[in-house]
Each structure stands twice: as structure tokens, then as C-alpha cells.
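The values are calculated or read from the model by the stated rules, or taken from the named source; none is laboratory data. A quick note: this is a predicted structure, and the numbers were derived from the prediction, not measured. Glycine gets a Cβ as well: all are built from the backbone with ideal geometry, and neighbour counts include every protein chain shown.
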């Protein structure tokens, strides 16, 4: 499967998962409210931190090492890499899952300052072990550039997660908000279990699971050493993001209380930022995350075969598609922030931090794509430096800006966006100096910007008309966004921002081709 086709599969699966996620946010917001969403969100930074310590970096190392071995025809070594990683992840996943469960009382009372967070923390703890197993299986398929099993597991996991989440939140709501939030977080456990069952079944059906090559202790030890060597810098980089989220979960409510907000008000505002505004800027990253995921084995294989021309083409295509996606998404969030939050969360107030955070969407997408490129090139230490620099900027700015009464939660949103910007610019600068690739600004920015401006004009003109025709309903956002998307695609084709060959890739007619 080609790099673009693999990215398309993951994009479609990711979009399905995000749509399901967007749909569940509406009833979950009704069931929990902003305060309950805040409790629900408080568990995730610590879960992410435990997962990073247990597993992050290893699946990427598996994919990179497997792709290199497969490129040279050494399939039996690729299978040994997977088995070594699976054993390591099972051990670390179990240890950190148990640690999160045991430390939950301390984290809730001493760190978060809200004893009610104990229940969501303990409910989500088993997911660390299950997700650790899952990423090993995904790394196996990723290294072979087989993205269909990965995409299928994402959709199944999300479906089961949402059904469990809403069902338990509804059933436990009469017992108290903290129990309902715990029920919602437990959906992560059942979803991970469902994804594991699907990936495990597909792995067992794979003909490559039969290995007739003997495995020596020395060979397995060397493989584990290679995995750890590659995984360490990636793990360190991935460790910074949940630390950043954890610091936000502590700093933002605390600084809001300094300027006069109560604990409940601060929790609700934090829920608006982390559970609503941030979730919206993450939506476009479905596509860029898919590209980053597909880029790692594709670039690793090209580097192993010493195909510099292929590396250059992959980098150019990935950055081009990233700008095409990120630019209109960023502008779209600026255009209708309160209206989108009203439609999805019944909380138009979340539009206030979204306005200050929206610009970060563009740079977050760039940061994701460039990280995948650099990891595929074997320069995993560069994203670590960029993320660390961005996280430091974010923490310092959030501490000071959140305590400004005129900004409050909007200050935290601004600091988060600046953190993404710093990380992306650092990656781009390093990528240019390492590869010598010249970024053509006219191709990357000018044409997509023209199409985006046309889209913005269409949405601004059309939304009041749709709002009037729907009797002031928040549903007026949907046709306005749809119209904006159609206008953007047409203008992108006419200006050459989207090459016609990209359109042909999506149309199931082999005869449809046009030269650029």
C-alpha cells in the first residue's frame, strides 16, 4: 500500500472516530455539564503520562526497524522485533497501570486538589495496560505499511468506547457527578479491549506469523537494545506533552482561583478549554496524524534504500497536504467559534478561549507532520527539543496570562497556542537544515491562502442567511460549513493549490487523469 493510500485509510478511519467523538460530546455535555467534563478531563493527563512512560516510542521504533528490515527482505527479523516489543510493552503497561491505580488518591487530593477526581483516575487505570498491548500490534502493521487493520481498530475502539461511556455516565449520574465522570472514563478501557481483540485476530490470521527461523538469546537481546535506543528519545518527546497537560490541569485552575474564581468555576472554565476548545483544534489533526503515522515507515524504507529523491517527494507531499488541511480549518474556527461550541457542546462560552487558541491548530498540524518526517529520517531527538521548548513557553505563559483578570481562561488558550507555534517553527527550521529541501512558499502557502480567503468570505456571507432560514437554530452552522468546504475545494482546484492528480486519487474511475 502506498504512502498516500495508507494515509487516506487512516484519515477516513480517524474522521469516522472523530465524528463519533463529536457526536458523543453533545450528550456527554448534557449528562455531565461543564463541571463534570472538567472532572472527566482531569484524569486524562495522568493516564497519558502513565501511557507515555509505559509505551510511547516503542511502537514507532518497531515500525521504523521493521520497515528497514522488510526493505532488505529480512522478514523474520521484523517478526522478532514485534515479539520483543510485545513482551516489553506487556510488562511496562502492567506496572504503570497498577501504579496509576495505587497513586490515584494522592493525585486527586494533593495534586489536583479535588478528591472527586479519584474515581475517574481509578476507572481509567486498566486502559494503560490494554493500550500498551494495542500499540505493539499497531506497530507490527505500521511497519508493513498495512493501515487497514489499524484504521479498523480505531473505529471499533471508538464505537465501543462511546457506547460504554454514555451508558455508564447515564446509569451512574444519580449516584453523583464523580461516579458519572468515572463511568465515562471507563469507556477508554472497554474501547481498548475491543480494539485489541480485533487486531489480535487479524495478527493471528496473518501468514507472516509463522516463523521458522531460530531465535537466539543474543539476537533477541540485540533487538531489544535497538528498540530501546530508538524509543528513548521518542518517549522523552512524548513524555513532555502529557506533562504539559498535567501542568495545565494544575496551573490553570489554580491561577483562576487566584483572581477570584471558585473551585467549581475554575473547573468549569478548565473544562471549556481542555474538553471543548482543544478538542476542536484537534479535529483537523486526524489527517496530519495519519500522514505522520504513514510517513515513518515510508521514509525509513526510502532512507534504507538510499532513495533521496523519494524522501524529498514524500516530504513535499506531506507538507503540502498539511497546509491544505490546516489553513482552512484554522480560519474556520475563527469565523464561527461560539456558534460551533453552541452546536456541539451547548456551551457558547467555550468560543471565547477557542478564538485565542484557533491559530494553534495550524502550527499543531505542522508540528505533527514534521515530527513524523524527522522520526522517519532517524532524527528523533529534534522533535524532543522542539516539544520541550514549546512546553516551557506554554507553562510560563499560562502561569502569567491566566492570572490576568481580563484574560483568565483566554490567557491559557493563548499560551497553549504559542507553545504549538514554537514547536512547529523549530521543527521546520531543523528539517530545512538537515535535508536541504527548499520550501516553495508560493506552492505551500500562497495558493491555499487564496482559496481559504474565498471560503471565509462565503461562510461569512452565508451563515446569516442560513441562520434566518432556520429560525435562529444552531444547526445553521452545518450548511455554512458545508458551503465553505465546497467553495474551498473549487478555489483550491482552480488556483492549483490542489493538483488535479490528488482529486483523481479519490475518484474511482481509472480513466480520470489530468496533467498539472
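Only helices (runs of 4 or more DSSP H) whose full extent lies in the stretch 385-497 are considered here, and the ones with at least 3 residues that are touching a residue at least 12 places away in the same chain (Cβ under 8 Å), outside the structural domain of residue 233 (by TED's automatic domain parsing) and over 30 Å from residue 246 (Cβ atoms) are 447-469, 477-495. Take the conditions (1) outside any helix (DSSP H, G or I); (2) in contact (Cβ under 8 Å) with a residue 12 or more places away in the chain; residue 306 misses just one of them, which is (2). Here 227, 223 are screened, and the one residue that is at pLDDT 75 or above, in contact with a helix residue (DSSP H, G or I) (Cβ under 6 Å, 6 or more places away or on another chain), over 30 Å from residue 364 (Cα atoms) and assigned to a helix (DSSP H, G or I) is 223.
Among the residues of the stretch 342-354, which ones are surrounded by fewer than 24 Cβ atoms within 10 Å (Cβ to Cβ) and under 20 Å from the mean Cα position of the chain (by Cα)?
Narrowing the stretch 342-354 to residues surrounded by fewer than 24 Cβ atoms within 10 Å (Cβ to Cβ): 342-344, 346-349, 351-352.
Answer for the stretch 342-354, where residues must be surrounded by fewer than 24 Cβ atoms within 10 Å (Cβ to Cβ) and under 20 Å from the mean Cα position of the chain (by Cα): just 344.
Within the stretch 55-82, being more than 22 Å from residue 238 (Cβ to Cβ) and touching a helix residue (DSSP H, G or I) at 6+ places or on another chain (Cβ under 8 Å) holds for 69, 70, 71, 72, 75, 77, 78, 79, 80. Residue under question is residue 84, and the condition is that it be surrounded by 22 or more Cβ atoms within 10 Å (Cβ to Cβ) and either within 17 Å of residue 40 (Cβ to Cβ) or within 25 Å of the chain's Cα centre (by Cα) (or both); does it hold? No; evaluated as a whole, the condition is false for this residue.
Of the residues making up the stretch 109-121, those that are crowded, with 21+ Cβ neighbours inside 10 Å and farther than 12 Å from residue 267 by Cβ are 119, 120, 121.
Any chance the stretch 45-61 includes a residue that's over 25 Å from residue 200 (Cβ atoms) and at pLDDT below 85? Checked the stretch 45-61: at least one residue is over 25 Å from residue 200 (Cβ atoms) and at pLDDT below 85.
In the condition set (1) surrounded by fewer than 23 Cβ atoms within 10 Å (Cβ to Cβ); (2) over 19 Å from the mean Cα position of the chain (by Cα); (3) in contact (Cβ under 8 Å) with a residue 60 or more places away in the chain; (4) more than 25 Å from residue 435 (Cβ to Cβ), residue 278 is compliant with all but (2). Please state which one of 126, 120, 105, 115 is closer than 30 Å to residue 39 by Cβ, at pLDDT below 90 and in the same structural domain as residue 60 (by TED's automatic domain parsing). Among 126, 120, 105, 115, only 115 is closer than 30 Å to residue 39 by Cβ, at pLDDT below 90 and in the same structural domain as residue 60 (by TED's automatic domain parsing).
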